[in-house]
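Remarks on the structure that follows.
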Amino acid sequence: MAKAIPRVFTSSYHGLCTFHIMQNAAKHLSPVKDKDNEECEEEDECEEDNEESHILKDFSACMYGFEDKTTFEEAFDIMRSKVRKQTWLDSIYKVKEKWAECYMRNVYTLGVRSTQLSESFNNALKNHLKSDFDIVRFLKHFERTVQEKRDKELEAEFEARKKIPRRLMSTPMLMQASKVYTPAIFEAFQSEYERSMAACSKVLDGNTYGIAIGSLNGDSFEEERIVTCDPSKQIVSCSCGMFSRTGILCAHGLKVLDLINTKTLPAHYILPRWTREACKGNIQDSQGMNNICCNKPAAARQTIPFLLYLFQLVS
C-alpha cells in the first residue's frame, strides 16, 4: 500500500494513523507489570519502572509536541535510551515523515491525523452487509448506507440554515464568520479568535511580528511565533503553519490582521469547503471534467452505480 500510493495518488501525502501508532506504542513500550501489583524488591527496579511509565508520554510528545526537527531527534534519542527492546522504535523511526508533527508541518491534512472517518463508514456498512451477499444485494445495501449519510448531511444543513452559531462577542469578523462558515468550523475559528485576544505582539523588522499567546491567568505564554504580513494585500504568514494544514487562520495571524487594522476576514482565508455554500458550484475531477453528481444539491444527488465507480478508479 505504501509503495502504491505515491504511484497512483501522485499529488497525495501518505500519513500513518496516529491512533493505531499509539496503540502499537502502548503494546511495545509500556512497562510489564506483575499481575499482583507487588512492590519492587529493589529501589533500582522501581526507578526503572517509573522511567518506563513515562515512555508513552515521551512518544506522544515526539508525535505532536515538537515543531523543530533537531529537538525531535534529541527527544527521540533520549526516549530510545530508556527502552530495553528498540526494534519497534527503530522501525517506526524509519517512517517518521508519516507521523511526526515536525515533518508534517506543511502537509494539508485539514486536521485529520487518523483513519477514523473511513473506519466510521466501514462500521456503518457492516450494519447492513453480510459476507454471503451477492452483488445485487450488496449494491442495494450499499446505497442504503450512502443514503443514510446523505440524510444526516441534509439534517446538518437544515440546522445550519435555521440557527446562527453562538458568538462569544460581537465584532465585524465574528459576525462575518458566523454567516459564512458552517457551525463546526465557526466554533474552531472562534476559538482561535478568542486566543488572539490574549496575544502579545512586538515588531521585529518592518512587517514582521513576534506573537506570543498568554494563558487565561496571564502568568505564562506559549512559544513565540513569527508572522510576516503584506498590509496592502492583507496577507499574513505564520511560522506555526496552521492555515496551510487546516484551512483555518491561526490566532497569531488574526492578531497581526488586527494590528494592521483589518477588521474582517479577507476572502483568501475563507476556504469554500468550510462554508455553508460548499455543496454549490462545480467540482472537477483530476482530468478537469465537471463531476455532475457532486454539482447537484445534496437532496438531489443520485448515488453513482458502484461498479461504474470502481471502473473509473481502475481506468
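Evaluate the relative contact order of the range 203-288 (contact order divided by residue number), counting alpha-carbon pairs under 8 angstrom at least 6 apart; express in whole percent.
Numbers: 85 pairs, mean separation 16.2, N = 86.
Result for the range 203-288 is 19 percent.
Quote the FRET efficiency, to the nearest 0.05, computed for Phe133 versus Val8 with a Förster distance R0 of 30 Å and r equal to the Cβ-Cβ distance. Don't skip to the answer; put the middle values down first.
Details: r = 28 Å, r/R0 = 0.93.
So, using R0 = 30 Å, E works out to roughly 0.60.
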For the range 102-185, which trypsin sites (Lys or Arg not before Pro) are in a loop by DSSP, counting at most 10 other Cβ atoms within 10 Å? Lys130, Lys163, Arg166
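Exactly which chymotrypsin sites (Phe, Trp or Tyr not before Pro) in the range 60-111 are in a DSSP loop and have at most 15 other Cβ atoms within 10 Å? Each step should come with its number before you reach the end.
Details: sites: Tyr64, Phe66, Phe72, Phe76, Trp88, Tyr93, Trp99, Tyr103, Tyr108; in loops: Phe66, Trp99, Tyr108.
Here the chymotrypsin sites (Phe, Trp or Tyr not before Pro) that fit, given the DSSP loop and packing criteria, are Tyr108.
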For the pair Asp230 and Ser170, what calculated FRET efficiency results from E = 1/(1 + (r/R0)^6), where r is the Cβ-Cβ distance and R0 = 41 Å, to the nearest 0.05? 0.90
Whole-Hz Karplus ³J(HN,Hα) for the range 155-172, in order, using 6.51 cos²θ - 1.76 cosθ + 1.60 and θ = phi - 60°, x for Gly and Pro? 4, 5, 5, 5, 5, 5, 6, 7, 10, 9, x, 6, 9, 6, 8, 9, 10, x
What net charge is computed for the residues neighbouring Phe221, neighbours being all others with C-beta under 14 Å from the C-beta of Phe221, Lys and Arg scored +1, Asp and Glu -1? 0
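Gain in length, Cys200 to Ser237, computed as 0.36 nm per residue apart minus the alpha-carbon separation, to one decimal in nm? All intermediate terms of the calculation are to be shown ahead of the outcome.
Numbers: separation 37, 0.36 × 37 = 13.32 nm, distance 1.69 nm.
Between Cys200 and Ser237, full extension yields an extra 11.6 nm.
How large is Rg/Rh for the range 172-274, to two decimals, with Cα atoms and a Kirkwood Rh? Walk me through the numbers on the way to the answer.
Details: Rg = 13.1 Å, Rh = 13.8 Å.
My calculation of the ratio gives 0.95.
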Can you figure out the FRET efficiency of Lys149 with Gln116, using R₀ = 22 Å and their beta-carbon distance, to the nearest 0.05? 0.90
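Rule-based calculations on the coordinates, nothing more; no lab input. In this text, all values refer to a predicted model and were calculated from it rather than measured experimentally. Please note: Cβ atoms are built from the backbone with ideal geometry, for glycine as well, and neighbour counts cover all protein chains shown.
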